[in-house]
Amino acid sequence: MPLFLNDEQTMLRDTAKDFVAEHAPVGHMRKLRDDNDATGFSRDLWKQFADMGFTGILIGEDHGGLGLGHVEAGVVLEEIGRNLSPSPFLATAVAAVEALKGTNHAARYYPGILAGETVAALAIDEGAKHRTAVGLKAERAGNGFRLTGKKQFVTHGHVADLLIVAARTAGAPDDEAGVTLFAVPKDAARLTVTPERLADASLAARLEFDGVEIDADAVIGEVDAGRGPLGRLLRAGRTGAAAEMLGVGGGAMDMTVNYLKERKQFGTLIGSFQALQHRAAHLYSEMEVARAAVLKAQQLLDAGDDKADAAVSVAKAMTGLATMLSVQEGVQMHGGIGMTDEYDIGFYMKRQRVLAEMFGDANFHADPLARAAGY
């Protein structure tokens, strides 16, 4: 598979680039932060995403979507990242859509996602770092289940219409089997939701399930077989987060290169200094390698290839490292103004840090790759 976009994907990229830059530029994120917006994103903008057809990229034509793939979803996510646009697109239109595919919940929730009315949140993580262990208990209660435990780092969890919750129905927290995925409504009784602002000013929530009772229809897929839909969710989320990070790193790199072409020191453009040229060239090379890794992972996911899991881990790890270099070099090469809140480059650093942790950081994904290679 060639590592470049075809004509249709290029057209989608151009459309997404113009739309996001016009309707959700960096200033949009800054305003939400300065206004201490309690939602964390614009619902009107979410509906506009739906009007553009973006929310239906991964939804099949049989459900009214576009029936496209992860490459196309990544095209939109990269522009979201480039503009630091606060949006539930990653969690809802990518990860949640993949988790619900082929289940009885698709027909229920897809129409709302297509219309830009439904927001989904992913209650997956339970500790300080992303892990595969699932400890939240789901015990049989009458015709349904009773959920007890905690989740954290649930992006948009405080305003979500749908919570996708990974729970333990059998075995120990580290067991591969015995996990079930549930669709929990936002107004469930005995559920405590505490929103907290993250480093990039976005909002995520801590969830406490104190015996939350749900009926059997809430099960996504089959009981004790939740690793299937959870795996789809994680592969889509990790690849999507990598694509959004590419946009963040690319936006920071563009700002930095433009600054090198404009800023003068001692009457000379600093972009003419060979040391800075070398650093800029190194950064460009690292970003292009990461871009190839992300596109490869997207293509393998779309093809249903057995090597997709390893490619996803490579993409998430490499993009995390490359974009960290991009934002750090950006702040440093901007000098003093790079440290000020008034200048946008610092926002790119904060957003990159949050995305790097989401669905597992570089170390998390490097570990299984190293183990598979015999280290």
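The values are calculated or read from the model by the stated rules, or taken from the named source; none is laboratory data. Note that this is a predicted model, so its numbers are computed, not measured. Cβ placement follows ideal geometry from the backbone for every residue including glycine, while neighbour counts extend to all protein chains displayed. For accessibility, only protein heavy atoms count, side chains too; no ligands or nucleic acids. Shrake-Rupley method; radii C 1.70, N 1.55, O 1.52, S 1.80 Å.
Each residue of segment 270-285 in order: what ³J(HN,Hα) in whole Hz does its phi give by Karplus 6.51 cos²θ - 1.76 cosθ + 1.60, θ = phi - 60°, with x for Gly and Pro? In residue order, the calculated couplings are 5, x, 8, 6, 4, 4, 6, 4, 4, 5, 5, 5, 4, 4, 4, 4 Hz.
Give me the Debye-computed log₁₀ of I(q)/I(0) at q = 0.13 Å⁻¹ for segment 109-222, equal point scatterers on Cα only, no solvent, two decimals. With one equal scatterer per Cα and no solvent, log10 I(q)/I(0) is -0.47. Nearest 0.05, what FRET efficiency do R197 and D217 give at R0 = 41 Å with Cβ-Cβ as r? Rounded to the nearest 0.05, the efficiency is 0.75. In whole percent, and with a 1.4 Å probe on the protein chains, what portion of the accessible area of segment 148-302 is carbon and sulfur? C and S atoms contribute 51 percent here.
Per-residue ellipticity at 222 nm computed for the chain from its helices equals -15500 deg cm²/dmol, with DSSP H segments shorter than 4 residues left out and the rest contributing -39,500 (n - 2.57).
Taking the Cβ of V314 as the centre, find all other residues whose Cβ is under 11 Å away and add up their charges (Lys, Arg: +1; Asp, Glu: -1). Once positives and negatives cancel, what remains is +3. Across every pair of non-identical alpha carbons in segment 246-317, the mean reciprocal distance, once inverted, gives a Kirkwood radius of 14.1 Å.
Applying the Kirkwood pairwise sum to the alpha-carbon positions of segment 1-144 produces a hydrodynamic radius of 16.8 angstrom. The slack between D174 and E22, meaning 0.36 nm per residue of separation minus the straight C-alpha distance, is 50.2 nm. Here the mean projected area of the convex hull built on the C-alpha positions of segment 104-147 is 4.9 nm².
For a paramagnetic label modelled on M1 (point 7 Å from Cα along Cα→Cβ), amide N atoms under 19 Å away belong, within segment 213-255, to 231-247. Normalised by 2.2 N^0.38 Å, with N the number of residues, the alpha-carbon radius of gyration of segment 1-49 equals 1.53. Here the Debye sum runs over all C-alpha atoms of segment 196-314 as equal scatterers in vacuum, and log10 of I(q)/I(0) at q = 0.11, 0.18, 0.22 Å⁻¹ comes out as -0.64, -1.06, -1.18. Step through the table entries K264/K350; K31/K129; K186/K307; K151/K316, compare each Cα-Cα distance with 31 Å, and write down the pairs that go over it. Cα-Cα > 31 Å for K186/K307; rest within. For segment 219-262, the residues whose amide N sits under 20 Å from a probe point set 7 Å from the Cα of E139 along the beta carbon direction are 219, 223-224. Taking only protein heavy atoms and a 1.4 Å probe, the accessible area of segment 29-101 is 45% carbon and sulfur.
Using protein chains only and a probe of 1.4 angstrom, how many square angstrom of Y343 are accessible, to the nearest 10? Ignoring ligands and nucleic acids, Y343 comes out at about 80 Å². Phi angles of segment 72-80 translate, via the Karplus equation with coefficients 6.51, -1.76, 1.60 and θ = phi - 60°, into HN-Hα couplings of 5, 4, x, 4, 5, 4, 5, 6, 4 Hz per residue; Gly and Pro are given as x. Relative to the current alpha-carbon distance between D187 and E208, full extension at 0.36 nm per residue lengthens the span by 6.2 nm. From the Kirkwood radius over Cα pairs of segment 229-273, Stokes-Einstein at 25 °C and 0.890 mPa s returns a whole-number translational diffusion coefficient of 191 µm²/s. Taking all protein chains into account, the per residue accessible area for the chain stands at 44 Å² (1.4 Å probe). Comparing mean-square fluctuations of G157, G304, G338 from a GNM of the chain with C-alpha springs under 10 Å, the top value falls on G304. Across the options M11, L84, G69, the greatest Cα extent toward the positive end of the charge dipole of segment 1-110 (unit charges at beta carbon of Lys, Arg, Asp, Glu) belongs to L84. Hey, any idea what the orientation-averaged projected area of the convex hull of the chain's Cα atoms comes to, in nm²? Orientation-averaged projected area of the Cα hull: 19.2 nm².
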